1. Can you tell me how many residues in region 365-402 are open to solvent by 30 Å² or more (accessible area, probe 1.4 Å), closer than 14 Å to T418 by Cα and out of contact with any helix residue (DSSP H, G or I) (no Cβ under 9 Å at 6 or more places or on another chain)?
2. Looking for whichever is closer than 18 Å to Q57 by Cβ and either outside the structural domain of E286 (by TED's automatic domain parsing) or in contact (Cβ under 8 Å) with a residue 24 or more places away in the chain (or both) here; the options are P381, P436. Which one fits?
3. For the condition open to solvent by 70 Å² or more (accessible area, probe 1.4 Å) and over 18 Å from the mean Cα position of the chain (by Cα), what is the one hit in R441, R434?
4. Give me the residue from region 243-257 that is open to solvent by 10 Å² or more (accessible area, probe 1.4 Å) and within 16 Å of the ligand (Cβ to nearest atom) and, out of that set, nearest to A217 (Cα to Cα).
5. Name the residue that is nearest to the ligand (Cβ to nearest atom), counting only residues in region 258-283 that are part of a loop (DSSP other than H, G, I, E, B), surrounded by fewer than 17 Cβ atoms within 10 Å (Cβ to Cβ) and touching a residue at least 24 places away in the same chain (Cβ under 8 Å).
6. When you go through D213, D204 one by one, which is the residue that is assigned to a loop (DSSP other than H, G, I, E, B), surrounded by fewer than 19 Cβ atoms within 10 Å (Cβ to Cβ), away from the ligand (no atom under 16 Å from the Cβ) and charged (D, E, K, R)?
7. Somewhere in region 406-413, is a residue buried (at least 16 other Cβ atoms within 10 Å of the Cβ), assigned to a strand (DSSP E or B) and among the hydrophobic types (A, V, I, L, M, F, W, C)?
8. Pull up region 220-241, narrow it to residues that are within 18 Å of A94 (Cβ to Cβ) and either out of contact with any helix residue (DSSP H, G or I) (no Cβ under 8 Å at 6 or more places or on another chain) or not assigned by TED's automatic domain parsing to the domain that holds K206 (or both), then point me to the one that is most open to solvent (accessible area, probe 1.4 Å).
Amino acid sequence: MSRSAHPAGPRHADVMPEGHYSAPPSDLNALDSRVWARTVSRTPQGAVTVGGLDVRQLAEEFGTPAYFLDESDFRARCRAWRDAFGDEADVFYAGKAFLSRAVVRWLYEEGLNLDVCSQGELTTALAAGMPAERIALHGNNKSTEEIRRAIEAGVGRIVLDSFQEIVRVAHIADRLGRRQPVQIRVTVGVEAHTHEFIATAHEDQKFGIALADGQAAEAVRRVLQLESLELVGIHSHIGSQIFDTSGFEVAAHRVVELLRQVRDEHGVELPEIDLGGGLGIAYTPEDDPREPQEIAKALGAIVTRECEGAGLAVPRLSVEPGRAIAGPTAFTLYEVGTVKPLEGLRTYVSVDGGMSDNIRTALYDAQYTVSLVSRASDAGPMLTRVVGKHCESGDIVVRDAFMPADLAPGDLIAVPATGAYCRSMASNYNHALRPPVVAVRDGEARVIVRRETEADLMSLDVG
Ligand SMILES: *Cc1c(COP(=O)(O)O)cnc(C)c1O
C-alpha cells in the first residue's frame, strides 16, 4: 500500500478502516531523525530546539502557526544533490516546492539552478539575483507575458509543453531578436508515485507532448525548423514522492529512443536530457528515501546504458528535485487550542492553523506525524486527529497520531516535513493570515517570509 497517497490515489471515507494506523510508538518523546530537520533535538529538560533555539521562545517571538526552516539543513541538502550529480549534470531546484528570495540566494550560493513555472516565481528568482541562464521556465499554459519576460531576461531554457506553445515561444523570441534554448517536455507513458509505477502507451494528463503516435517526434521536427528556437534536449517528469528508480529507467529508455530517432531522421544529437523531479522524502518513519548519491549513481548508469545501447553520446543530464530538498527542512509549529475526546473513537486536537497552511492532507490524503514539542511527557498514548480551525470537517492536518494523554490547551505541537508544498500552497481560507517562514541557523532566527496581517487582507479588498 502506498504510504503517502497521491492526488490520483484513492480517497477514503472519514471513518478509518480498522488497522489503518500502526501501534503507538514506544517513546512519544522521541524525535525520529528521518522526518525532522537535522538540527532539531529535544533537550534533557524536555522542550525541542532547532538550530539551538527553544521552540517556546520561537513561538513567543514569532507567534503560531509558523514554519521554522532549518537553513543549514536546506543548504546541506542542496550541496548533497550538487555533489552527487557532479560536474556532468545539473540540479534544478523546483521552485514551486517553496520559493523566497532567501531561498534563491541559498540555491545560488550552493551551485544549484532553478525551475520556475510562473511570472511570480520568475520575478522572485530574478529579484534575488539568480542569473537568468540558471533559470528554466516550465508550465503547461505559460502566458505570452511570462514567455516574453523569460526570453527578455535570458533564461537558460524554456520547456515547451504543447504544439501551440512551440509557435508562441518561437514567435516571441523572433520578435525579440533572440534564439531561445528550449527543451521539449514529453510524456513517456510512465506514471510513478511512491513505490509503484505504471507504464502505459498513453498518459491521460495535461502536461507535455506524448511520445505515443509520433507526437513528440513531430514536435522535434517543428522546433528544428524554427530559427528562433534552439532545441537543446528532451524533458520528462514522471510523478511525485517516488522512492524507486525503476520508473525513471523506463522513462530514460523511451526518451533515449526518441533521441536516437531524432539523430537518424535529422542527423542531430540533442545534447541534454532532463529526467525531472519527484524524488520522495520521509513524511513518516516508515518512508525510506534514497540518498542523492545513490539516486545520482542509478540515474547516471541508466542513461549511460541506454545511450550506449542506442549508439549515442551520453547527453548532459539534469534533474529537478523540489520536495527532496525543501520538504524535510521545515516543521510547522502550532498551539493547541482545544482537546476534545470522543468516547470510543479518538481525541480531536484543534490547532491554530489547518488546511490554510497545509492543504496536503485534505488534498492528497498525505500522511504526517506530529509531536508535543514544548515539553516532554510521561503520559501514555492517546489516539488523536490533529485538525485545524477552518469551517470544513475535512480540515485535517494529521489524520492519525498518538499523542501523550495529558496534552492540553497551550501546548505547542509541531508537524515535521512541511518544507515543501505547504507554505507555497497556503491559502487565505476563512481569511486566515498566512503564517511566516522563519529561517533558523546557528542560534539565530530570521523571518524570510513575514506573517500576513489584517492590513494585507484589507489592502486587497478594495471595497
Ligand atoms: C513538480 C515538479 C518537479 C518537482 O517535484 P518534486 O516532487 O518536488 O521533486 C520537478 N519538475 C517538474 C517539471 C515538476 O512539475
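The values are calculated or read from the model by the stated rules, or taken from the named source; none is laboratory data. As the structure is a computational prediction, the values presented were derived from the model and not from experiment. FYI the Cβ positions are ideal-geometry reconstructions off the backbone, even for glycines, and counts take in every protein chain you see. All accessible areas refer to the heavy atoms of the entire protein, side chains included, with ligands and DNA or RNA removed. Shrake-Rupley method; radii C 1.70, N 1.55, O 1.52, S 1.80 Å.
1. Result for region 365-402: 1.
2. Values: P381 fails: closer than 18 Å to Q57 by Cβ.
Going through P381, P436 in turn, the sole match is P436.
3. From the options R441, R434, the qualifying one is R441.
4. T245
5. P271
6. Working: D213 fails: assigned to a loop (DSSP other than H, G, I, E, B).
Testing whether each residue is assigned to a loop (DSSP other than H, G, I, E, B), surrounded by fewer than 19 Cβ atoms within 10 Å (Cβ to Cβ), away from the ligand (no atom under 16 Å from the Cβ) and charged (D, E, K, R) leaves just D204.
7. Yes: region 406-413 contains one or more residues that are buried (at least 16 other Cβ atoms within 10 Å of the Cβ), assigned to a strand (DSSP E or B) and among the hydrophobic types (A, V, I, L, M, F, W, C).
8. Among residues in region 220-241 that are within 18 Å of A94 (Cβ to Cβ) and either out of contact with any helix residue (DSSP H, G or I) (no Cβ under 8 Å at 6 or more places or on another chain) or not assigned by TED's automatic domain parsing to the domain that holds K206 (or both), the one most open to solvent (accessible area, probe 1.4 Å) is H237.
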